[in-house]
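All remarks here apply to the structure that follows.
Just so it is clear, none of the values below were taken in a lab; they were calculated from the coordinates. Bear in mind the structure is a predicted one, so any value in this text is a computation, not a measurement.
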Amino acid sequence: MISVALCTYNGEKYLSKQLDSILSQTMSVNEIVICDDISTDSTFKILKKYEKKYRGIFKIFKNDIRLSTIKNFQKAISLCSGDYIFLCDQDDVWKVDKVNKMIDFFKTNEKFKIN
């Protein structure tokens with residue numbers, strides 16, 4: 001199972017491109033766990049739109065208090081259920097084969113294999 005841990009904060013400008021790049025991977029991810037750090041722009045509205053359109057893949061959480069970057073990522077990671085967890089900033093745009101290349105790397109390198 002492949003998870004993406006994505007943290008957001010006022011990322012409306014970048015968010016759609018990032019989510020589209022995750023959703024268009026040559027190797028699909030199983031879940032996208034998003035922790036929003038109390039955005040004041042339309043970030044949360046954008047997230048809910050994607051959640052509605054792509055049912056079952058998104059798990060969206062809105063923090064009650066600002067956690068800032070490190071604690072927000074810790075929370076997002078803790079909510080993931082995948083064997084592989086990709087960390088993702090809201091302003092990243094992934095190449096279409098990122099997940100496939102990374103999973104292939106882990107599967108073909110003995111010291112990185114999951115037991």
How far is helix 43-53 tilted off the main Cα axis of the chain, in degrees rounded to 10, range 0 to 90?
60
Working note, segment 43-93: Cα radius of gyration (Å, one decimal) and Dmax (Å, whole number) are 11.8, 29
With 5 Å bins from zero, work out the P(r) of segment 8-104 over every alpha carbon pair and list the percent per bin.
2, 13, 24, 27, 21, 9, 2, 0
Dividing the mean separation of Cα pairs under 8 Å (6+ apart) by the residue count of the chain yields a relative contact order in percent of 41
